[in-house]
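Read through the structure below, which is laid out as structure tokens, and then see the notes.
The values are calculated or read from the model by the stated rules, or taken from the named source; none is laboratory data. None of these values were measured; they are calculated from a predicted model. Please note: Cβ atoms are built from the backbone with ideal geometry, for glycine as well, and neighbour counts cover all protein chains shown.
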Amino acid sequence: MDSSLRSSEWYSGEDRNAYIHRAWMRRGVPGSAFEGRPQIAIANTASDLTPCNAHLTEVAQSVKNGIYEAGGIPLELPVVSLGETQVRPTAMLWRNMAAMATEEMLRANPIDGVVLLGGCDKTIPSLLMAAASVDLPAVVVPGGPMLTGTFRGEALGCGTDVWRLSEEVRAGALSQEQFVKSESSMIRSRGHCNTMGTASTMALVAEALGTVLPGLAGTPAPDSRLLEAAHETGRLAVQLVAEERRPSTFLTKASFHNAIVALAAIGGSTNAVVHLLAIAGRLGIDLTVDDFDRIGAEVPLLVNLQPAGRYLMDDLQRAGGFHAVLREVRDLLDPSALTITGKPLVDYLDDARIWDPEVIAPREKPLQPAAGISVLRGSLAPGGAIIKPSAASPHLLSHRGRAVVFDSIEDFHARIDDPDLDIDAHSVMVLRGCGPKGYPGMPEVSNMPLPKKLLEQGIRDMVRICDGRMSGTAYGTVVLHVTPEAAAGGPLSLVQTGDWISMDVPARRLDLEVPAEELAARVPNAATVKGYANPGRGWEKLYVDHVLQADRGADLDFLVGSSGSQVSRESH
Ligand code: FES
Ligand code: MG
């Protein structure tokens, strides 16, 4: 047994405990497995209830082949999996639980390294949070996007077109029958959502961070090259153990710098902000929400994908892939940031080419000159709020209007289509009680559908403000992640219908135009407080008691940082 391996603490020696550890593993694992071979876990989020990840068991087989080939022992470890569309009240409530459970199982078991198989929105973030906190050699295989489905001869973007088509129905422009008919065309194949939603974003951002085999992210799920790269990743995992390359040895602030540049250039999901902040928190890297604005704001938008643009992930791959995008912004990347291979990210970009400038715009002709996420501050968001200008309406980016306030998403649904609701196109829709504590879990409800009566007038966007999140596939002039959230006592809890709110994105301001003395005299009304979650037991209770605000990645306070991989005690 190679005594430098962590797993040798379980397997080496002649005593009773080593006997127990080996003997029970012999079912299918040969005796030679315990003689100095790295034990590599494959943290697999495949699940029938996470349809976007259901194919990962086949991917795991390719990873296993690579691990064996390189002399390691592959050990598949099913971990908590979150199906974004299925899990209630919101998959985000369970992200930290998935991260905690995965972290603990990686630590508790006799493994030397891990390959992380994720896809659907929360799965890659939770795996990376876990890997950062246990700090074992780890590499991600993103499961890849699905192929493009079509309806009536046109491509359907999953997520984005659900929002779009449902608004068309409410506006009377599409029949209910046609809407339902489109349902069977939405998901064409295995894989995660094919828009630049959170899943696509996190796969690409994970590669920009350096945690994916360079060139792999964005490969569609049914593409043979995914399995080839999965096999290669299995080999790499064994090498990582030999070279002792752990998250703490190569992930730096520079890695996050590159992730933020990439996030802006691809027009990625706003959810990446909370996920990257949470991952950085696990690594002890001082990343703040303002870094997203400072590093990303001036980065041009180069990728013409829904929701900000037109195409889908399959097109991005055909047009040259993620590296073609990164090559255009190479000068903005930090050349010191290393990838999982030990070489810098920028070293992989030489051969990249744009094959279709409609999908990947060249730097000289960007889709938008400055695409990054903007961080707004002011009397309505002292801790900051974010907006994705590339998905917003330019004419609304500087706007002043009267608030129409909703105390919960249920309150919103009950009143939004009331013909007597006093609201017009200039109003600012405010939804509260949707932050990490308030809901709990910070659901993707911030992109409130517009009132039917305004849709019928042809209005398609309005300013919306919320302490929740927005689906990465959604669009609109939506201010998100307002911090502190209402349930944590933020000024959002004190807004009244009719108050004037001003938003000035170029100046990065978000203000409630109520005099400070008047605001100080207000208290949240009973209906507002009634909208906040108040769980009595279980994970929800633990979560509400310990969750941090969005500016800290909505992690739990006691999960920030790392405990490493040490376990000192034995069970027998
Ligand atoms: Fe799984 Fe969109 S629902 S990635
Ligand atoms: Mg989502």
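Name the single residue, out of those in segment 88-109 being in contact with a Leu (Cβ under 9 Å, 6 or more places away or on another chain) and either closer than 23 Å to Arg235 by Cα or without any contact (Cβ under 8 Å) to a residue 12 or more places away in the chain (or both), that is nearest to ligand 2 (Cβ to nearest atom).
Filtering segment 88-109 for residues that are in contact with a Leu (Cβ under 9 Å, 6 or more places away or on another chain) and either closer than 23 Å to Arg235 by Cα or without any contact (Cβ under 8 Å) to a residue 12 or more places away in the chain (or both), the one nearest to ligand 2 (Cβ to nearest atom) comes out as Thr102.
I need the full set of residues from segment 87-128 which are of a type in the set (Asp, Glu), part of a helix (DSSP H, G or I) and buried (at least 23 other Cβ atoms within 10 Å of the Cβ), in order please.
Once the filter is applied, which keeps residues that are of a type in the set (Asp, Glu), part of a helix (DSSP H, G or I) and buried (at least 23 other Cβ atoms within 10 Å of the Cβ), segment 87-128 yields only Glu103.
Which members of segment 287-316 meet the condition of being modelled with pLDDT of 95 or more, surrounded by fewer than 19 Cβ atoms within 10 Å (Cβ to Cβ) and over 19 Å from the mean Cα position of the chain (by Cα)?
Once the filter is applied, which keeps residues that are modelled with pLDDT of 95 or more, surrounded by fewer than 19 Cβ atoms within 10 Å (Cβ to Cβ) and over 19 Å from the mean Cα position of the chain (by Cα), segment 287-316 yields only Arg294.
Name the residue that is farthest from ligand 2 (Cβ to nearest atom), counting only residues in segment 46-64 that are of a type in the set (Gly, Ala, Ser) and within 23 Å of the chain's Cα centre (by Cα). Outline the logic, then answer.
Step one: filter segment 46-64 for residues of a type in the set (Gly, Ala, Ser), giving 46-47, 54, 60, 62.
When the remaining residues are screened for being within 23 Å of the chain's Cα centre (by Cα), the result is 46-47, 54, 60.
Details: Ala46: 19, Ser47: 16, Ala54: 17, Ala60: 24 Å.
Going through the qualifying residues, I end up with Ala60.
What number of residues within segment 448-498 satisfy the criterion of being buried (at least 19 other Cβ atoms within 10 Å of the Cβ), away from ligand 2 (no atom under 16 Å from the Cβ) and over 18 Å from His413 (Cα atoms)?
Result for segment 448-498: 15.
Quick one: in segment 35-59, which of the residues that are within 19 Å of Val80 (Cα to Cα) and without any contact (Cβ under 8 Å) to a residue 60 or more places away in the chain is surrounded by the fewest Cβ atoms within 10 Å (Cβ to Cβ)?
Asp48
If the Cβ limit is 8 Å and pairs must be 6+ apart or interchain, which residue in segment 72-85 that is under 25 Å from Pro30 (Cβ atoms) pairs with which residue that is of a type in the set (Lys, Arg)?
Here the result reads Gly72/Arg37; Ile73/Arg37; Pro74/Lys64; Glu76/Lys64, each pair linking segment 72-85 to a residue that is of a type in the set (Lys, Arg).
Take the residues in segment 65-79 that are surrounded by fewer than 22 Cβ atoms within 10 Å (Cβ to Cβ) and outside any strand (DSSP E or B), then tell me which one is nearest to the chain's Cα centre (by Cα).
Only one residue tops the list, namely Asn65.
With the structure loaded, tell me whether Leu147 is away from ligand 2 (no atom under 16 Å from the Cβ) and within 20 Å of the chain's Cα centre (by Cα) or whether it fails that test.
No: the conditions fail for Leu147.
Tell me, please, whether a residue that is touching a residue at least 24 places away in the same chain (Cβ under 8 Å) and either more than 16 Å from ligand 1 (Cβ to nearest atom) or among the acidic types (Asp, Glu) (or both) can be found in segment 190-208. If you could, list the steps in order and put the result at the bottom.
Of segment 190-208, the ones touching a residue at least 24 places away in the same chain (Cβ under 8 Å) are 190-208.
Okay, now just the ones that are also either more than 16 Å from ligand 1 (Cβ to nearest atom) or among the acidic types (Asp, Glu) (or both), so 207-208.
For segment 190-208, residues touching a residue at least 24 places away in the same chain (Cβ under 8 Å) and either more than 16 Å from ligand 1 (Cβ to nearest atom) or among the acidic types (Asp, Glu) (or both): present.
Any idea how many residues of segment 189-213 are within 29 Å of Gly342 (Cα to Cα), away from ligand 2 (no atom under 15 Å from the Cβ) and among the polar types (S, T, N, Q)?
Total meeting the criteria: 1.
Restricting attention to segment 528-564, and to residues there that are under 25 Å from the mean Cα position of the chain (by Cα) and more than 22 Å from Gly383 (Cα to Cα), which single residue is surrounded by the fewest Cβ atoms within 10 Å (Cβ to Cβ)?
Taking segment 528-564 first, the residues under 25 Å from the mean Cα position of the chain (by Cα) are 532-533, 538-564.
Going one step further and asking which of them are more than 22 Å from Gly383 (Cα to Cα), we end up with 538-542, 562-564.
On the way: Gly538: 8, Trp539: 15, Glu540: 17, Lys541: 14, Leu542: 16, Ser562: 19, Ser563: 14, Gly564: 12.
Across segment 528-564, the extreme among qualifying residues is Gly538.
From the list Glu177, Glu228, Glu167, exactly one residue is more than 22 Å from the chain's Cα centre (by Cα), more than 11 Å from ligand 1 (Cβ to nearest atom) and in the same structural domain as Ile285 (by TED's automatic domain parsing). Which is it? Outline the logic, then answer.
Values: Glu177 fails: in the same structural domain as Ile285 (by TED's automatic domain parsing); Glu167 fails: in the same structural domain as Ile285 (by TED's automatic domain parsing).
Exactly one of Glu177, Glu228, Glu167 is more than 22 Å from the chain's Cα centre (by Cα), more than 11 Å from ligand 1 (Cβ to nearest atom) and in the same structural domain as Ile285 (by TED's automatic domain parsing), namely Glu228.
Could you tell me whether Ser189 is under 23 Å from the mean Cα position of the chain (by Cα) and either polar (S, T, N, Q) or surrounded by fewer than 16 Cβ atoms within 10 Å (Cβ to Cβ) (or both)?
Yes: the conditions hold for Ser189.
Can you tell which of Asp424, Asp407, Asp411 is under 30 Å from the mean Cα position of the chain (by Cα), touching a residue at least 24 places away in the same chain (Cβ under 8 Å), surrounded by fewer than 20 Cβ atoms within 10 Å (Cβ to Cβ) and farther than 26 Å from Leu287 by Cα?
Asp411
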